[in-house]
Amino acid sequence: MNIKYDTKLWIHFNYKYTGSGSNKKFESVSHITSGNGGFPMPWTQTTSSYNIINNKKAIEITIQGYFVLGLKIGDFDAGFKFTDSFTKQYPQK
């Protein structure tokens, strides 16, 4: 069964770097959060991780979580839960 669901997620994060311009090198990433606006299927992030790649010139962020098809009332989910993960690179390729 194939189900098309909303993958228009946003990822927000803070980062520290040294240098500037073409000499900018990433040092660390913190406070990784994600979301999708909640309609038609709300996204809940459960974990996140990051790697500093390309000689410290880029960050690769992976988020894991789930979409809910149904209802979410407070902390209770009723319906189907689809787990998924997404990996994005900044700056984008």
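This table checks each residue for (1) in a strand (DSSP E or B); (2) charged (D, E, K, R); (3) in contact with a Lys or Arg (Cβ under 9 Å, 6 or more places away or on another chain); (4) touching a residue at least 40 places away in the same chain (Cβ under 8 Å).
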site: 28; (1), (2), (3), (4): yes, no, yes, no
site: 31; (1), (2), (3), (4): yes, no, no, no
site: 45; (1), (2), (3), (4): yes, no, no, no
site: 48; (1), (2), (3), (4): yes, no, no, no
site: 52; (1), (2), (3), (4): yes, no, yes, no
site: 56; (1), (2), (3), (4): no, yes, yes, no
site: 72; (1), (2), (3), (4): yes, yes, no, no
site: 82; (1), (2), (3), (4): yes, no, no, yes
site: 89; (1), (2), (3), (4): yes, no, no, no
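Conditions tested, residue by residue: (1) at pLDDT below 95; (2) surrounded by 12 or more Cβ atoms within 10 Å (Cβ to Cβ); (3) under 20 Å from residue 8 (Cα atoms); (4) among the charged types (D, E, K, R).
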residue: 35; (1), (2), (3), (4): yes, yes, yes, no
residue: 40; (1), (2), (3), (4): yes, no, yes, no
residue: 43; (1), (2), (3), (4): yes, yes, yes, no
residue: 47; (1), (2), (3), (4): no, no, yes, no
residue: 52; (1), (2), (3), (4): no, yes, no, no
residue: 69; (1), (2), (3), (4): yes, yes, yes, no
residue: 80; (1), (2), (3), (4): yes, yes, yes, no
residue: 84; (1), (2), (3), (4): yes, yes, yes, yes
residue: 91; (1), (2), (3), (4): yes, no, yes, no
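The values are calculated or read from the model by the stated rules, or taken from the named source; none is laboratory data. This one's a predicted model, so the numbers in the text were calculated from it and none came from an experiment. Glycine also receives a Cβ, built like all others from the backbone with ideal geometry; neighbour counts cover every protein chain displayed.
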